[in-house]
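**Student:** Questions regarding the structure given below will be posed in turn.
The values are calculated or read from the model by the stated rules, or taken from the named source; none is laboratory data. All values reported here derive from a predicted model rather than from experimental measurement. Reconstructed Cβ throughout: ideal geometry from the backbone, glycine too, with neighbour counts over all protein chains shown.
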Amino acid sequence: MMKAKKKKKKWTLTRILLIAGSICFVVLWMMTPSESAFKQSITWQKMTEPGSLSAAHQQLKNNCAACHTPVQGVKTSNCIVCHANNESLLQRQPTAFHASISSCVECHLEHQGIDKRPTKMDHEALATIGLRQLNSESKESENYILREELIAHFSDRAAPHARITSKETTLNCLACHANDDRHLKLFGQDCAQCHATDKWTIPEYRHPSAASMDCAQCHQAPPSHYMKHFKMISARVAGKPHARVDQCFQCHQTTSWNDILGTGWYKHH
Amino acid sequence: MKERERAVVTGLVVLMLIVWLGFVFHQSPRFAGSFWGGMLGLSGAVLMLVPLAYLIVKRIKWLKPRVTKYVSMRTLLAWHIYAGILGPILVLLHTGHKFNSLLGMTLTTMTLIVVISGFIGRYLMNRFSTEIREKKSLLKKLQFEYQQVADQLVGAPQVGTVLLPFRGILGQLTASFFIRDFPDDATGPVNVTVASPYTMLRLSESIADIEYAIKTHETFKKWFGKWLKFHIIVSVILYLLMALHIWAAIHFGIRWITPFYSSTSYYSSTLETGTKSQLRSFENSPQRQNSLAAVEKFSLHFGKIFKQHWRESVVIHGIRTTVFDYAGIAKEIGNPESNYSQAIQALQQVDPEYLGGGNLEKAFWINVYNFGAMKMASEKYPVTSITDPKISDGNPWKKKEIRIGNGQYSLVQVEKEILLKKFDDPRIVFAVSCAAVSCPDRTDEIFSAEKIDQQLEDIVKGLLSNSTKGLAIGKQQKTIMLTWILKADKRLFGDGSDDGLIDFARYYTTDENRNWIDANRGDIKLEFFKHDWGLNDIALADKEN
């Protein structure tokens, strides 16, 4: 009997405390001026911010709605408001694809920190966007058929190597990287046969032995080597007056092109 | 049963802590917002709501008897425990170890605290109580023995004198070092029931130890005694934060849900394989097979009509044009065996939904248009133009004269709503011909899927090399006179400006014309032929031919 009474009393105390607490909160809320941080929605919205915006977007840091739309998230139209007419970007061949991409957030991730550039190229996303753009309601349209063919192509065939996905191989590398070809088109135009999309270097690649004499198969001499300059200066300085232009190994060493055998570091120009 | 539950739940709590601590080694900031991350979060949140059932049933008096009729409190508690630990594990996986925002971090902390406080309450508190109970019964036994020994010693006061020198505090603490029990008989087992100062001392020491242990345990128990209240309050805070978190996700956008709304997000790869299998079932469907066969039949018969009644170019109204023998075509009408009737019949077997796009459909619709125009002229033959009042009251293009499948189509529908909409190819407007003198010349072949590209090139080239209706150059006045077709569908060519039209014409015309255009490009004046709607009928050929 005593115990029950005591318990009841205890609960009443809790209730009083709860009610008093809520009243205090309401009073406090009413007393604070409306311009205080306590009453700004941004103060509360900031609690969910996963990281600072990049330096360039700092002016938007207190305006979540500038980019975010409820449910739909960051819509492309909100990016285009400011980023529509970047002429230098649209005119450069490697970046011209921005004109028709109409999808931003796949590669431009924000809230990574003030010192981070909000750009991370994602070729897989690019391929996805491309396929999506070809999609259409009408199953008879040429785009739709092309899309089906591409999908059939990349899902039926294995990727040329493990560092690239078969979806990425639906992209046409040259559309952006035409000027990046160091092989003077000698290896064809299908970069993806050897290269991956994250970096140009190929981990499996092993340079032939330093004792190899077939340098000229891959390396081309500078233009001056095909002029009088070669016989008159280069060959003479190296002490190999009879060396041919395609016999790189006669004068050059693998440490550096300028490390000339028997002569030492030599840079004419 | 309970032992097993404890082992399983302990394992799960340890697993949860390991999952949480994974953030030291791994972070996947994009995972939480991805489809599978979202699914984990959702199912975790739903599981985390299950424990509420126990709380509610336990505390609402009228509900309890009604629910326990079906589900015992024990079962509800089991649900409470298992859902209360599995939910947080899923939710921690959902985080992808991204603990960046204040809300996110607080939410994670609260989840961990709620689970751990529940675990302590259920299993460790229990331990304290049992241990205190065990210790208390031991204490009772010892106290009883002590009383016995004390009684015996009262009966033999001379034995007790050994203790007399140790009455001070220091003496009490060191007594056990000096007092030896029966020193002459040390080999025998010590019998505690035999009264001796030594036993007395040992018993009192044990009692003190156990009393101390009980006290410590009780302090702990008191300390943890408030755990239930703590557990409930923290849970309520957790639910509030969870609601805020879900609100934030909706307010700032759910990445994996957007594909269903807009084109800015990923389609999942399953959708793509889905369309592939759809394509396969489309290809194999009977409608597709029937339509393909019907298209082939139509092409065969229309091709025959075309070849049979096509004639080399003549001059009509001063315009050089290839022609047809419309009188000959008109004779076929009414004969069910004729190519004409069979072509019409074949068209009724085609289901336009199953043409499948591409060159096949493109060629089909162009042929349909040309057949339709030919049909309108032949049915009312003799006429001198497709605009003849016998055919229509002024607008033959809008007359729904062609039956395909179950639908009636007009020429304008075929051209504007199907061909130009589906196939972005300006050459189409040259290929669809309304049986007029000013329309492009034809060879004796209809369009076919295999050759359509070359055929379209040829037809445009043919017209823009024909100086009587396609492209005529006035060298003196520096004018180019172009076909009215280019003017009528201006917007299809280049940017729709005069320059766009000249570019188009320049590309398709003869070398000679092209050179002249290039040489005079700056000051060319553009003019257009008047379109002659006269029927391209061999019977109308100018007499001097």
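**Student:** Out of curiosity, is A:L90 surrounded by 16 or more Cβ atoms within 10 Å (Cβ to Cβ), not assigned by TED's automatic domain parsing to the domain that holds A:A175 and not basic (K, R)?
**Tutor:** Criteria not met by A:L90.
**Student:** In addition: Out of all the residues in the range A:42-80, which are among the polar types (S, T, N, Q), part of a helix (DSSP H, G or I) and loosely packed, with under 14 Cβ neighbours inside 10 Å?
**Tutor:** Scanning the range A:42-80 gives A:T43, A:Q58, A:Q59, A:S77.
**Student:** Could you tell me which of the residues B:I18, B:I81, B:I85 is modelled with pLDDT of 90 or more, surrounded by fewer than 16 Cβ atoms within 10 Å (Cβ to Cβ) and hydrophobic (A, V, I, L, M, F, W, C)?
**Tutor:** Just one listed residue meets the conditions, B:I18.
**Student:** Oh, and also: Looking only at helices (runs of 4 or more DSSP H) that fall completely inside the range B:28-87, which ones have 3 or more residues that are among the aliphatic types (A, V, I, L, M) and within 32 Å of the chain's Cα centre (by Cα)?
**Tutor:** Counting at least 3 such residues, we get B:35-49.
**Student:** Another question, if that's okay. Of the conditions (1) over 30 Å from A:C107 (Cβ atoms); (2) part of a loop (DSSP other than H, G, I, E, B); (3) without any contact (Cβ under 8 Å) to a residue 40 or more places away in the chain, A:K231 satisfies every one except a single condition; which number is it?
**Tutor:** Of the numbered conditions (1) over 30 Å from A:C107 (Cβ atoms); (2) part of a loop (DSSP other than H, G, I, E, B); (3) without any contact (Cβ under 8 Å) to a residue 40 or more places away in the chain, the odd one out for A:K231 is (2).
**Student:** Would you call A:L109 surrounded by 14 or more Cβ atoms within 10 Å (Cβ to Cβ) and either more than 9 Å from chain B (Cβ to nearest Cβ) or modelled with pLDDT under 85 (or both)?
**Tutor:** no
**Student:** Pull out all pairs, ordered by first then second residue, where Cβ-Cβ is under 7 Å, the residues are six or more apart or on different chains, the first lies in the range A:120-148 and is facing chain B (nearest Cβ under 10 Å), and the second is acidic (D, E) and assigned to a loop (DSSP other than H, G, I, E, B).
**Tutor:** A:A125/A:E106; A:I129/A:E106
**Student:** Which residue pairs have Cβ atoms closer than 9 Å, lie 6 or more positions apart in sequence or on different chains, and pair a first residue in the range B:337-361 that is within 12 Å of B:N290 (Cβ to Cβ) with a second residue that is modelled with pLDDT of 90 or more and of a type in the set (V, I, T)?
**Tutor:** Sorted first by the residue in the range B:337-361, then by its partner, the pairs are B:A346/B:V295; B:Q348/B:I404; B:Q349/B:V295; B:V350/B:V295; B:V350/B:V368; B:V350/B:I404; B:D351/B:I404; B:L355/B:V295.
**Student:** Going residue by residue through the range A:149-158, is there one that turns out to be touching a Phe, Trp or Tyr at 6+ places or on another chain (Cβ under 9 Å), closer than 23 Å to A:T128 by Cβ and of a type outside the set (S, T, N, Q)?
**Tutor:** no
**Student:** Of the residues in the range A:235-264, how many are within 30 Å of A:F187 (Cα to Cα) and not β-branched (V, I, T)?
**Tutor:** 14
**Student:** Let me ask something additional. Looking only at residues in the range A:36-58 that are more than 10 Å from chain B (Cβ to nearest Cβ) and in contact with a Lys or Arg (Cβ under 8 Å, 6 or more places away or on another chain), which one is nearest to B:W247 (Cα to Cα)?
**Tutor:** Residue satisfying both the conditions and the ranking: A:L53.
**Student:** Could I ask something else about it? Name the one entry in A:P208, A:P241 that is more than 30 Å from A:L131 (Cα to Cα) and either in contact with a helix residue (DSSP H, G or I) (Cβ under 8 Å, 6 or more places away or on another chain) or not in a loop (DSSP other than H, G, I, E, B) (or both).
**Tutor:** Just a single option satisfies the conditions, and that option is A:P241.
**Student:** While we're looking at this one, here's another question. Quick one: A:A152 ticks every box in (1) crowded, with 20+ Cβ neighbours inside 10 Å; (2) of a type in the set (G, A, S); (3) at the interface with chain B (Cβ under 8 Å from one of its Cβ atoms) except a single one, so which number is it?
**Tutor:** With (1) crowded, with 20+ Cβ neighbours inside 10 Å; (2) of a type in the set (G, A, S); (3) at the interface with chain B (Cβ under 8 Å from one of its Cβ atoms) applied to A:A152, the lone miss is (1).
**Student:** So, one more: Taking the residues in the range B:410-431 that are away from every other protein chain (no Cβ under 14 Å) and in contact with an Asp or Glu (Cβ under 8 Å, 6 or more places away or on another chain) as candidates, determine which candidate is farthest from B:I485 (Cα to Cα).
**Tutor:** B:S410
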